[in-house]
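All remarks here apply to the structure that follows.
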Amino acid sequence: MMLQALIFDLDGVITDTAHLHFIAWRSVAAELGIQIDEEVNQSLKGISRMASLERILQVGGKTELFSETEKLAIAARKNERYVELLSSLGPASILPGIAPLLDELKSRGVGIGLASASLNAPGILQALGLAALFDYCADASRIAHSKPDPEIFLAACAGLGATPQRCIGVEDAQAGIAAINASGMVSIGIGATLSDANLRLNSTEELTWRRIAGLMDLTDTATSVRR
Ligand code: G6P
Ligand code: MG
């Protein structure tokens, strides 16, 4: 397979903001009388801001208590705190192996795209010093169906002018792997508990050009090997 582009998820693949989302949600949830733990936080991975709030209200048994306007205000409050926490991000926050891989992709002329549900994605790439390396970032505010729907990955392919079958998607969430697979792209999963990815790695450190080239050779002969 002739590789046109790699399309990355952001949180948990390029940088680890899950903990910052957790701190912000935990303080907002506590004000609503809801305690959330690390397990709840795991279930918010890859899920949009409003869907995360719905999940938290569900955990606290408070789904019916707030109007849409109130929910928007709660989500805005969470985001204010999250954005404050993002000021701690810098190039040192890039996950291991990602910066050298992006350089390698650039030098090989492979397109680089972003498919993140985060409305803060452009600001985060800027803070990490990576914004200029990305050829196209899908605009999360224009996506109607969140992962596991393939919409955001297909939008990234379209923006890059690439064919999904010639692109690889990288994700750390199960819903993200499902989205990549449904888009027709080849999937790489980062994390011990993921299933159904064409290639599953334990950490971003293992995400090297060598592994990617190997995966390309493999998909030449059998596109459907998913483990
Ligand atoms: C990513 C994260 C989610 C987060 C979502 C929206 O997908 O994994 O945990 O809820 O982005 O982020 P935002 O910055 O728009 O609130
Ligand atoms: Mg993620």
(message) Taking every DSSP beta bridge with both residues inside the chain, roughly what % is antiparallel (nearest 5)?
(response) 5
(request) Would you compute, for the Cα atoms of the chain, the largest minus smallest coordinate along each principal axis and list the three values in descending order, in whole Å? (result) 54, 33, 30
(request) Using only Cα atoms, find the angle between the long axis of helix 68-86 and the longest principal axis of the chain, and express it within 0 to 90 degrees, rounded to the nearest 10. (result) 60
(request) Working with all protein chains in place, sort His21, His145 by solvent-accessible area computed with a 1.4 Å probe, largest first. (result) His145, His21
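What FRET efficiency would be calculated for the residue pair Thr163, Ser141, taking the C-beta separation as r and a Förster radius of 35 Å, to the nearest 0.05?
Numbers: r = 25 Å, r/R0 = 0.72.
Plugging the Cβ-Cβ distance into 1/(1 + (r/R0)^6) gives 0.90.
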(request) Using +1 at the Cβ of each Lys and Arg and -1 at the Cβ of each Asp and Glu in the chain, identify which of Leu86, Ser203, Gln4 lies farthest towards the dipole's positive end. (result) Gln4
(request) Skip the ligands, DNA and RNA, and give the accessible area per residue of the chain with a 1.4 Å probe, whole Å². (result) 46
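So how strong a dipole does region 1-137 carry about its Cα centre when Lys and Arg Cβ are +1 and Asp and Glu Cβ are -1, to the nearest 20 debye?
The dipole magnitude comes to about 120 debye.
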(message) Please report the accessible area of Thr15 (heavy atoms, 1.4 Å probe, ligands and nucleic acids excluded) in Å², nearest 10.
(response) 0
(message) Can you tally the lysine pairs in the chain where the Cα-Cα distance is under 18 Å and the two residues are eight or more apart, or on different chains?
(response) 4
(request) With +1 on each Lys and Arg Cβ and -1 on each Asp and Glu Cβ, and nothing else charged, work out how big the dipole of region 18-88 is about its Cα centre, in Debye to the nearest 20. (result) 120
(request) At 7 Å along the Cα-to-beta-carbon direction for both Ser43 and Lys71, put a label point, then send me their distance in nm to one decimal. (result) 1.6
(request) Sketch the reach of a paramagnetic label on Ala213 as a point 7 Å from Cα along Cα-to-Cβ, and name the residues of region 61-104 whose backbone nitrogen lies under 20 Å away. (result) 97-104
(message) Can you tell me how region 23-79 classifies by the Cα gyration tensor, rounded, prolate or oblate, using a/c under 1.5 as the rounded cut?
(response) rounded
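The values are calculated or read from the model by the stated rules, or taken from the named source; none is laboratory data. Here the structure is a predicted model, which means the values were calculated and not measured. Positions of Cβ are generated from backbone atoms using ideal geometry, with glycine treated the same way; all protein chains shown enter the neighbour counts. Surface areas here come from the heavy atoms of the whole protein model, side chains and all, with no ligands, DNA or RNA. Shrake-Rupley method; radii C 1.70, N 1.55, O 1.52, S 1.80 Å.
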